[in-house]
Every structure is written in C-alpha cells, then in structure tokens.
Amino acid sequence: MSENTLARTTHLAELEAESIHIIRETVAEFANPVMLYSIGKDSQVLLHLARKAFHPAPLPFPLLHVDTTWKFREMYAFRDAFVARHGLKLLVHQNRRALAEGINPFDHGSQKYTHAMKTQALLEALAQHGFDAAFGGARRDEEKSRAKERVFSFRDKHGQWDPRRQRPELWNLYNGRVDAGESMRVFPLSNWTELDVWHYVLRERIPVVPLYFAAERPIIDRNGTLLMVDDERMRLRPGEKPTLRRVRFRTLGCYPLSGAIESSATTVEAVIHEMVNARQSERQGRLIDHDEEGSMELKKREGYF
Amino acid sequence: METALQTSLPLDVQRLLDEHSSRELLRLVVVGSVDDGKSTLIGRLLYECDGLFEDQISAVKKASAKRAAARTEASVAVPPEVLASGLRAAAGAEEEELDFSLFTDGLKAEREQGITIDVAYRYLSTGKRKVIIADTPGHIQYTRNMATGASTADAAVILVDARLGVLPQTRRHAYIASLLGIPYLAVAVNKMDLVGFDRATFERIGQELADFAYTLGFEGVRLFPVSASRGDNITRASARTPWHEGGTLLGWLESLPHQRRLDNAAFRFPVQYVIRPHQDYRGLAGQVASGTVRVGDEVQVLPSGRRTRVAGIDTFEGPLEEASAPASVTLLLADDVDASRGDLLSHVDESPQALQQLDAMLVWFGEQPLDVTRRYLVKQATRTAPAQVERIHWRMELEDLAEVPAESLSLNDIGKVRLVCRRPLLADPYRDNRRTGAFIIIDALTHDTVGAGMVLGPADTGARGAVEASLISSAERRARLGQPGAIVLLPASPDAASRAFELERSLFDEGRHVTTVSGDVEVALALAGAGLIALVHAEAPQARRVLRSEARDAGVAWLELEASEDAKQQVERVLALGENAK
C-alpha cells in the first residue's frame, strides 16, 4: 500500500498529500475547528483523510452533523454505526425553532426549507460552539460558483461569503487569520473530482452509505425526478403511487429533495464504470441547485456550505 | 451496514482504474487580456475532452439562447464585426451555437458583465493527464488573482487576440508567469477566424511575444494559431491552418514533462504540527516540500541547528523507509530534540538559508499601498513572523519592464524589496525551490493577504547592515530593576483583560515592575526587553503562538498561566519566575 502511494506521485497521491496538508494547517492555525459531516461519500473521504493526518492520535476536533431530520433512514443508521465503531465525537445540531414551526420541504418549498434547516442551522451551531474553522467536503467541480471557492474561505461575523472580497491564495500558504466572531470554511477536497473521490473510496476501502449502490427502492416519478419514499412523511400527489425500481443515488441529501438514477451498479467498481459513461452531472438530481440560475451562489453568500 | 468490496474486477474496469491512477497531475494557468477568449477556450477544451455533462450543456444552451436574444434586441448599436465574431447566434441563424464562456463564468456579476472576475478552477481529464486549470481574470484590476492561479502552475497559456496583437497586459502576464517560476509557456493567438487565418498575422504576433518571452527565461515557448469559439487547433488540428506544424494545444499539454518531481532537490520538511497522543510518541507532521528523506538520515532541526537522525517515517498505513515530495508524512526523531511548528528539517549538509534580512520580488495586492514604516506578518513555509519591508529597491514598469525608483508599491505593482523579519525565515531562493522560496504578506490589522513574495537571497546590505544596539545590557537592566524581564501569557477567556489587571495589581503590590498588554507581540517583547514583566492577554491562537516562538528566539523569560490555577497560584508562579532568574 504505502509503496504504491509514495513511490510514484500519481495525481491521487498528490491530491491526498495536499488535502492532509490543508487539514493539518487548519488545526495548527485555529483554536476551535470542527468538521462538517453530512454522511455522504465526500464526508467519508474527508474524514478518512483527517484520520490519516493525525494518526496515531485521535481527531483533534469533533464532527458536526447539521441534521434537517429529513435524511434517509439508512444515512442515520450508517452515521451512528460508523461513529460508534471509530469512537468519533459527533455533535448533531437541528434548528429547533424551525422544527417547532413545522418547516418542511413540502409546505415551504426547497428554498425556504434549505435556508432554515441547513443554512440557519449551520450558522446557529457554529456560533453556539464558537467554532472558528469548519471543514467541508465541497469540491470545485460540483458547481460553477464552487469553482470560485478558495481552499480557505473567509466568512464574516454573520457567516457570509463575499466572492469579491476573497483573499488571494498563493502556493500552499493559507492565510488563517480571523478576528473574534469571524470564521473560515476550509475545503480540503477542493481539487478532487467526483471520479477521484470514487477511485479513492475504492483504493482505500472507505465505507459509504449503501444508498449509493443500486437496489430495488420504492420510487415515484415526479416530473422526471425519481424520488424515494423513505418513510410515511412523504406527501404523495394525486395519482402518485410508489413502485419498486432499481435505482441508486449519486448525491445524498434530504430524501424528498434527492433524485435517484436508474442503475444496476451494486459495487464501487460498477459505480465508477457507470460514471465514466454517464452523461449527467452529479448535482443534476439536486433539486435545491435548480431553483434559479446562480442559486448556489446566493445560498453560499448567506452562509450555506 | 458497510459495503463489502469485491476483490476481482471486470477487466475493463481494472484497465480504466489503472489508467486513471497512473496519470500525473499538471497544473495549468490560462491568462490573457479582457475579451481575449480565455473562458471560451477553457469551455471548448472541457467540451471536446468530454469534461462536461449533458445537463450542464443544456443549461448553457438555454443561457446562450437567452443571451443571444438579449443581444439581438440591443444589436442596433453593435458594429457588424462584433456580430460576426462568434456571436452568430445573435442573428438568430445558429441558435444551437454554444457560448462556451458560459461553462466557466460562474458568478452572477460575471455573467451580467460578461467578464471573469475571480480565478476559477476547472478539471480536465485527457488520455494521459489530469489537468487542473486555473481560469484567471485578465483585467488589470484583478492581477492579484492571476498571480494566485499562476503560483502553483506548471505551465501557462497566454491568449492574444489576433486582431489586436501583443498588448501591454499580455507582456505583464508573461512577466508574472516567469516571475512565479512557470517553466512552460504556450501562446495561443486566438480569433484567427476573424483575420482569415492569415499566416503572416500569426507569425508577426507570435514572433514578437516569443522574443519577449525568451528574454524572461522560459524553458519552452510554443505558438498556436487558434479559434476558441470554432475549435481550431485546440484538440484537433485545423484544416484552415495547413501552414501550422506545431500541433494542437492539447497535444502540447500532454507532452509537457511533469514538473512536480523534486526528487533531486534538497530535502526540506517544514514542521506543521506536533502529534503527541501519549508520552512515548512524538511525531513531527508535515509535507515534504522537496527532496527525499530516508530512515537513518542525519538531519538538523532549524533554526536551533540541533542534529539527530530520522528514527522512523510514520503514516496511517504503517511505517515507510523513505518519503519524497509532495508526501504528507510524520517523522520520528532519534533524540528528543525540541522541534515545533515553524521549524524546518533538512539534511545536515544541505541547509537552507536562515534569512532575517532578505531581498525578494514582491507582488502587491493590498488596496492600501505598501507602507515601509508599518509592520506586517510574513508567512513562509509553516512559519509566521512579524516583518517590515525596509526598502523598495525598484518598481517594475510593466509597459517596458524598466526598473524605476519607488517609495511604495500600489495595488498590482511588482517590485524588488528588502524585507527584515523579526525571526529568520528558513528559505531557499525561489528559483531553486518554489516551496521554501515563497511567502505571503498579511496585514496584521485587517488580516488581508496583501502581498506575495519570492525570495532572491540574503539582503545585499553592504556597509549599512550594522544593527543598532543599545549600550545598556539586559543584565544591567535586570540589576537596576531587581527582576528579569518576562512575558506572562494569561489563559484565553472572555474576561482575560480584567484578570490581567487584577494580577497586575497583585504583582505591583509585591514590588514588581509590571504592566499589562493586549496581544501586540512587538510591545510585549519591547517591554520584556526593558526588564518589565509583561502580562499578555491574547485571544487569537496565532498571536499566542507567535508570542511563544518570538520569546523563545529572543531568549526572553516566558511563562504561560493555566486556566486551572487560581489567582494566588498565578501570583506565586510569576514571583517564582523572578526568584529563579535573579
């Protein structure tokens, strides 16, 4: 293993070394960092890299799951099993007020819902614990405004991102200085592509949620988006009846907002094979990205990851 | 819950993975003036290398049509040659024509204004390479972003508009690319379709820029006649330039040597972080900046100069016998020598320079001009030190590359400066080592990154390097005050300031000369140097770390109070510090 990775500097080995450097740099420069954990494949890779970075010591920061309460049941089960098995410190934060108000993806629309349950919840959690740096698994190849992100992305006292005021970022010299109340979002996977992530999952034998692999699942087809009926809270429209279809997910989020794709890929290898031939981008199934042109940029300005 | 993995793979998947994993990474920066077609060129490269997905393409198709429609409405005032220039869609004739720039200009303001504001990164996979493309803005206002994209690049593509020829901004970009040490340069003479693929035009422009580029010291310069909007000589050789024998841009990208191998360079290991899970394990974590280290190698810890051997190279997968750049590893040393973040390990016979006064090339990014009377912070490798730009040797006039006298550097200026650092940087000249020769300058007040520097070497001080030294020794000061100067750091807490003042009162009542400072490193060191006990309450971990290492380097007595101690214990510890040192 080690000889493979270090004797030849392939792009994956170089990306790994770069990411570990970024993670260590963050821990060295900040008083109270946290790693955002969304249970997806990118989170799993990020966490794996973090464990490598501080081996044999335990992670010097906790994980934070911003929980909308609408994730797939399999995600919650995976999260709890994984955290227990590796003895990780996990914080779970929910926007209690929004929950009490009954904010949900059906009545309030994806924009308002996302703002309350993800953006607001995240900002609440960061403020409550006084985190001054937060790792995220976002990659620049995901979306056009992500392509503009720095590795160290400065946020003001309100957690907001201003693309015009980004700090120049040269070489591997990251400027981690912030004043009290300000914070940094740190993206160690910036230079990874979706294919790199899957290839790394395969190479490192990183466990991921089974929803990434094809299985028969109860599905409704809503205007071409395949939604999984994960529990009884799903609101069916007149005429909609779940049918079992062989699908998997390329990206995982809240189940009423995550589109599946028809697939027969049941292993990481098959997923990679399918992806190389795929003609749709990863986020195509993400309903929240398509609210309007530039919607990711707007969310990020407000404090969304 | 967790997915078991198959061990045997279908043959084609295995081949695919092998191909994917054996590719090397190339970092490319694409630069040019406004409207030279950078975004279009990159969009075209992605499109033709299958780097785009159908939903992305259909989104761009929609946006292209929208934009075209808007242009049709406004087209009364648009001159005919603009309409012809790849905006055929505006005439409604070719609605399917894609505006390739829309694949890359991702910010709303960029789409609205049709320009690229900020550097964006794109990922291209060719048969032989994984390429990270930095798409950088050409506008003079955003030169700092061009430098950002160029700092890590192995190769640069400069676009020139065939109708306009070499512009001052083109020369500026070539100069910055060379300054940042990019070895390979391609000149893409774009919009050849608008000059009828005229060979003479191409050769005139190409020759002018190539002559200029060679004087800048590039290892290789290649010229390509292209049309980004139509796809000539990007990934496919163009039938419309039969006279061009230089191949395609993609062919060039795939043929470039991989630059990141620094196997033969001197071993450099900036210590990033100390890993200490228990008493028996003390690992120095970091990324090998250059060269190779093996178990058993004799190394020195700088700046202390203490020598020891590498007892082990540790990774998550287990121990290694050797590690080369750019691996991130953890080194275990044979002796328990003091080494911490900001220190650097090298082989004993290949030391970097410890530079306190150095000459460097500087690109200024700050909205406020460089102020030679102000203190800034310099971050180089893993070390951050207060520093002052003591002198500007000259500023480069990019119009004609003349070196002109200057009192200051303004936004986007480039100049040669003398930097004086509070603590020595462990550096190499940038031309020898892009990792240890680079630094950034941070404004200590705003925390903005205001400059990027490249080390040239020790300051050429001549006779004027003599350090002004006080005629009073620190021993004399100690004797006069009856106490040693010291820095005492209070634990970080919301009420650290008031706790500091209470402690100050108690110590004063005990007869000590004591004062309280917030977190200014300079002030604390000056006070301690004058024999006072400086009580420091600093929140920011960076300030605490800088203080700690500054005090260590300056040989000033140092005490860090614990949050668990009560006020009485704290007073006693500070008093004990005085007793021992007297």
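The values are calculated or read from the model by the stated rules, or taken from the named source; none is laboratory data. Quick caveat, the model's predicted, so the values are computed rather than measured. When we count neighbours, we look across all protein chains shown, and the Cβ atoms used for this are built from the backbone with ideal geometry, even at glycine. What goes into the accessible areas is simple: the full protein's heavy atoms, side chains included, and nothing from ligands, DNA or RNA. Shrake-Rupley method; radii C 1.70, N 1.55, O 1.52, S 1.80 Å.
Some values worked out for this structure:
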item	result
Yes/no for A:R24 being open to solvent by less than 20 Å² (accessible area, probe 1.4 Å) and either facing chain B (nearest Cβ under 9 Å) or not in a helix (DSSP H, G or I) (or both)	yes
Lone unmet requirement of (1) open to solvent by 10 Å² or more (accessible area, probe 1.4 Å); (2) within 12 Å of another protein chain (Cβ to nearest Cβ) for A:P62	(2)
Flag for B:R383 being among the basic types (K, R), in contact (Cβ under 8 Å) with a residue 12 or more places away in the chain and open to solvent by 30 Å² or more (accessible area, probe 1.4 Å)	no
Residue that is modelled with the lowest pLDDT, among those in the range B:555-582 that are in a helix (DSSP H, G or I) and surrounded by 15 or more Cβ atoms within 10 Å (Cβ to Cβ)	B:G578
From A:F135, A:F82, A:F106, residue being closer than 30 Å to B:P137 by Cα and aromatic (F, W, Y)	A:F135
Residue among A:K112, A:K89, A:K52 that is more than 12 Å from chain B (Cβ to nearest Cβ), modelled with pLDDT of 95 or more, more than 17 Å from the chain's Cα centre (by Cα) and open to solvent by 10 Å² or more (accessible area, probe 1.4 Å)	A:K89
The one condition in (1) within 23 Å of B:G437 (Cα to Cα); (2) in a strand (DSSP E or B) that B:D349 fails to fulfil	(2)
Single match in B:R391, B:R431, B:R435 (criterion: within 14 Å of chain A (Cβ to nearest Cβ) and either open to solvent by 50 Å² or more (accessible area, probe 1.4 Å) or within 21 Å of A:Q166 (Cβ to Cβ) (or both))	B:R435
Any hit, the range A:216-235, residues being within 14 Å of chain B (Cβ to nearest Cβ), of a type in the set (A, V, I, L, M, F, W, C), surrounded by 18 or more Cβ atoms within 10 Å (Cβ to Cβ) and in a loop (DSSP other than H, G, I, E, B)	no
Filter pass, A:T69 being within 25 Å of A:P256 (Cα to Cα), more than 8 Å from chain B (Cβ to nearest Cβ) and over 15 Å from the mean Cα position of the chain (by Cα)	yes
Candidate set: the range A:200-215, residues that are part of a helix (DSSP H, G or I) and open to solvent by 10 Å² or more (accessible area, probe 1.4 Å); chosen: the one nearest to A:L46 (Cα to Cα)	A:E204
Candidates B:G246, B:G251, filtered to the one that is outside any strand (DSSP E or B), open to solvent by less than 30 Å² (accessible area, probe 1.4 Å), more than 9 Å from chain A (Cβ to nearest Cβ) and free of Cβ contacts under 8 Å to residues at least 40 places away in the same chain	B:G246
Members of the range A:32-72 found to be under 21 Å from B:R276 (Cβ atoms), in contact (Cβ under 8 Å) with a residue 24 or more places away in the chain and part of a loop (DSSP other than H, G, I, E, B), listed by number	A:N32, A:P58, A:L59, A:P60, A:F61, A:P62
The range A:102-147, residues that are assigned to a helix (DSSP H, G or I), more than 30 Å from B:N145 (Cβ to Cβ) and among the small types (G, A, S)	A:G109, A:S110, A:A116, A:A121, A:A125, A:A127
The range A:73-86, subset out of contact with any Gly (no Cβ under 9 Å at 6 or more places or on another chain) and in contact (Cβ under 8 Å) with a residue 40 or more places away in the chain, residue most open to solvent (accessible area, probe 1.4 Å)	A:R73
Candidate set from the range B:125-146 (those that are modelled with pLDDT under 85 and among the hydrophobic types (A, V, I, L, M, F, W, C)); member that is least open to solvent (accessible area, probe 1.4 Å)	B:M146
Scope the range A:180-193; condition more than 7 Å from every other protein chain (Cβ to nearest Cβ) and open to solvent by 10 Å² or more (accessible area, probe 1.4 Å); matching residues	A:G181, A:E182, A:S183
Some residue of the range B:270-280 being open to solvent by 20 Å² or more (accessible area, probe 1.4 Å), touching a residue at least 12 places away in the same chain (Cβ under 8 Å) and among the charged types (D, E, K, R)	no
Residue identified as within 14 Å of another protein chain (Cβ to nearest Cβ) and without any contact (Cβ under 8 Å) to a residue 24 or more places away in the chain among A:A133, A:A147, A:A138	A:A147
The range B:212-230, residues that are in a strand (DSSP E or B) and among the basic types (K, R)	B:R222
Filter result (facing chain B (nearest Cβ under 7 Å) and either at pLDDT 95 or above or assigned to a helix (DSSP H, G or I) (or both)) within the range A:1-17	A:S2, A:L6, A:H11, A:L12, A:E14, A:A17
Single unsatisfied condition, B:R171 versus (1) surrounded by 19 or more Cβ atoms within 10 Å (Cβ to Cβ); (2) within 27 Å of B:L98 (Cβ to Cβ)	(2)
Neighbours by Cβ (under 7 Å, 6+ apart or cross-chain): first from the range B:387-398, assigned to a strand (DSSP E or B); second open to solvent by 50 Å² or more (accessible area, probe 1.4 Å) and at pLDDT 95 or above	B:H393/B:K416; B:W394/B:K416
Scan of the range B:260-281 for residues that are away from chain A (no Cβ under 11 Å) and either assigned to a loop (DSSP other than H, G, I, E, B) or at pLDDT below 95 (or both), ordered by number	B:N264, B:A265, B:A266, B:F267, B:Q279
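Conditions tested, residue by residue: (1) assigned to a loop (DSSP other than H, G, I, E, B); (2) at pLDDT 80 or above.
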residue	(1), (2)
B:G457	no, yes
B:A469	yes, no
B:I487	no, yes
B:P491	yes, yes
B:F501	no, yes
